[in-house]
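Below: the structure, in C-alpha cells.
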Amino acid sequence: MRPLIPTPGTLLVCLLVCSSALAAGPLVLEGEVPTEGSFFDVPFEVPPGTVELEVRHDDLASENILDWGLEDPNGFRGYGGGNEEPALVSEKAASRSYLAGPLPAGTWKVTVGKAKIGKTPARYRIEVHLRTQATLAPQPERQPYHASDALSDQARWYTGDFHVHSRESGDARPPLDEIARYARGHGLDFVVLTDHNTTSTLDFLVDAQSRFPGLLLVPGVEYTTYAGHANALGATGYVPPRLGEGITLEEAMEAFHRQGALFSINHPVYDVGDLCIGCAWQHAVPPGGVDAVEVANPEWEKLGRFFSEGAIGYWDWLLSQGHHAAALGGSDDHRAGVDLDYKQSAIGNPATLVYARELSVAALLDGIRDSRTVVKLQGPEDPMAELTSNVTPTGDTVLAERAKLSARVTGAQGLQVRFVHNSVRLPLVEVTSEDFVVEREVTAPEHGEDRFRVEVWMNGHPRTVTSHLWIARTADMRGIPGPVPQVTEPGACGCGSAPGWSVGVLALAGLVLRRRRREVARRRAA
C-alpha cells in the first residue's frame, strides 16, 4: 500500500475536513495520477458520527481508465472497478460492489488502479460526501454467508458454469435471481459467482439460495489483475489484486487456499487488447501450481472457436512443466443470458461437469482437486466422455506399473474420439454407437509420470474434453513429467508446446471488421 503524498506534481486539495465536513460541502480530492506503479491510494478522514458516505470519482479523460475501490481503517469496503456510478456505503446498505456496515472514524482510502493511461499527465477528481443521515434504504436481504447444505446426496456428474458475473461486478447487469432462473431453466445444477475483486456478492447468496433449492449458488471471485485473470472458486474473503505492490501471486494464491478456495486461470490466451484489459494470462505460475485452467471461454460457436484450442494448448504446456490442473469451462456471462452480442455467451455455454459425492460447495471443489471434470466446449447438449481406470486412482493419479483406461462416450454417434497422451493427440476412432467405449492399455514410465485425457471431435475440432488421469509407479514420481511419446501412428499430433495465440486475435479482428462493414453497408442502404 502506498498512500498518495501531496507533492508539486500531485496536487491534493482537501477543501473541508473532519467535523466541519458533516455540516458543509464535500471533500474534494484531485490531483495528478502518479507515473510509477499500477495502483495508488487517496486518503481522506471520516469524523465520528458519520452514518453514510458517498464517493464520486472521475478519470477526467476518455483516453484513460481508472478502477476504483474503497478501504476503511479496518480494510476492504468494496471494489467497483470501472463502475461509473458513485460508491455509497452505510451501516445497513451499500451500492453494488461495496459492503454495508458501521463507518469507523479515521483514515479511509479510495484505492485507484491504472487500467489504461492513454493521455498524460493523467488526472483524477474525487468528491467524498459525508452524511449524518442515511439516504440508502436498508437491505435486509444482506446476510452473513454460510455454505448451503447439500442440495442432493447422490454421487454423480453435476453440470454447471464456473464463470458467471452478477450486478456486483461493475461491468455486469443481472441480480442473482435472474441468474438462477436462467441457469435452472437450462438444466444446470450449479453456478459459480465470480465478480471482479469483490466479496459483496456473498451478502446476497444466502437469501437467493433460499429461493432456488434446485440450483447451488457457489461463492467465488474473479481475481482481476492487469496481467491476467483467475477465478478463486469457493472464495469467501478479499485478497488485494495489487500484484508486485505488497503482494505476490504466490502469496495471493496461498491466501485463497487458506480460505479453502481453488485457483483457476481464466481465458489464458484471450489477448484482445483494450476489448478486455489484462485478460490474457501473462504471470509466471508459482512452483505450487494452480488448481485448474479455463480451457473453454466463451462457447465454441461464438468466439470459442478462435481461442479454445489455444487455451487447451496453454493448459497442455503448463502440465508439461509438472503441474497438475483440472480442465474447467465458463461462459463469463455478464447478462444472465439475455441481450447478448456476437461475442457473449449465455450461462451454461460452455458447460463443465464435475463428478461429486453430493451437490455441495465442498464436494464440487473436491471433484476439481481429483480432476473429475469434463468440459463441453459449446454447452450441455454436447457429447459426454468419461475417463476411468481399472486401477482406482488416488486423487488424479493411478499408482501402478500398468493399467487399462476406458473412455465411455455417449451422444456422439457419427463423431470421433481419441486419447491424448502427454499432449500428443493419438489417432481418432469413429464412434459407432450411442453408448461407445474405447480402451487403451498404458504403462507408467520408469521415471516420472504420464498423463492421459479423452477428447470427442466434431467437424475437425475438439468438442468435449476431459481432465487427465495420471499414471506413475510410485507417489514420489508425481510432478515429474514423463517423456513425450514418439508416436508414428497416422493422425497423431503434438499439442504441448507453449502456444502462440495470435491466430485467435487475428480471427477476432477479422470478425469484428466484417461485422462493422456489414453495419456500414446497412446504414448506407437505409
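Where a number appears in this text, it was derived from the coordinates with a stated rule and is not lab data. Note that the structure is predicted; figures quoted are calculated from it, not measured. Note: ideal-geometry Cβ built from the backbone for every residue, glycine included; neighbour counts use all protein chains shown.
Counting other C-beta atoms within 10 Å, and keeping those with at most 13, which DSSP coil GluC sites (Glu not before Pro) do you find in segment 43-93?
GLU63, GLU84
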Any helix of the chain counts here only if DSSP assigns it H throughout, its Cα atoms span 15 Å or more along the axis, and its mean Kyte-Doolittle hydropathy is at least 0.0, and such helices are 305-320
The chain, relative contact order [Cα under 8 Å, separation at least 6], % = 11
Point-charge dipole on Cβ atoms (K/R +1, D/E -1) for segment 357-417, about Cα centre, debye to 20 | 160
Over its Cα atoms, what ratio of radius of gyration to 2.2 N^0.38 Å does segment 98-174 give?
-> 1.76
The rounded separation in angstrom of the Cα centers of segment 88-136 and segment 359-425 is 46
Size of charge dipole - the chain - debye, nearest 20, with Cβ of Lys, Arg +1 and Asp, Glu -1, no other charges = 1200
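Would you please put 465-474, 97-106, 359-368 in order of how densely packed they are, using the mean number of other Cβ atoms within 10 angstrom per residue and starting with the highest?
465-474, 359-368, 97-106
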Can you give the Kirkwood hydrodynamic radius for segment 28-181, in Å, rounded to one decimal and based on Cα pairs?
-> 17.5
Normalised convex hull volume, segment 281-390, alpha-carbon set, Å³ per residue = 137
Compactness check, the chain: C-alpha Rg relative to the 2.2 N^0.38 Å globular estimate gives 1.04
If eta is 1.306 mPa s and T is 10 °C, what Stokes-Einstein diffusion coefficient results for segment 330-425, Kirkwood Rh from Cα pairs, in µm²/s?
-> 101
Summed over the other residues with a beta carbon less than 13 angstrom from that of HIS146, with K and R at +1 and D and E at -1, the charge totals -3
Packing-based order for 262-269, 442-449, using average beta carbon neighbours within 10 Å, highest first = 262-269, 442-449
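With the contact rule set at Cα under 8 Å and sequence spacing of 6 or more, what percent relative contact order holds for segment 67-136?
31
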Simple spin-label estimate for ALA150/ARG211, 7 Å along Cα→Cβ, in nm, reads 2.8
Assuming R0 = 30 Å, can you tell me the calculated FRET efficiency for the pair THR394 and GLN282, based on Cβ-Cβ distance, to the nearest 0.05?
-> 0.35
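Just subtract the alpha-carbon distance of THR410 and ASP58 from 0.36 nm times their residue separation and send over the number in nm, one decimal. Mind showing how you got there, number by number?
Values: separation 352, 0.36 × 352 = 126.72 nm, distance 5.41 nm.
Taking 0.36 nm per residue and subtracting the Cα distance, the gain is 121.3 nm.
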Quick one: putting +1 on the C-beta of Lys and Arg, -1 on the C-beta of Asp and Glu, what dipole do you get for segment 85-239 around its Cα centre, in Debye to the nearest 20?
-> 740
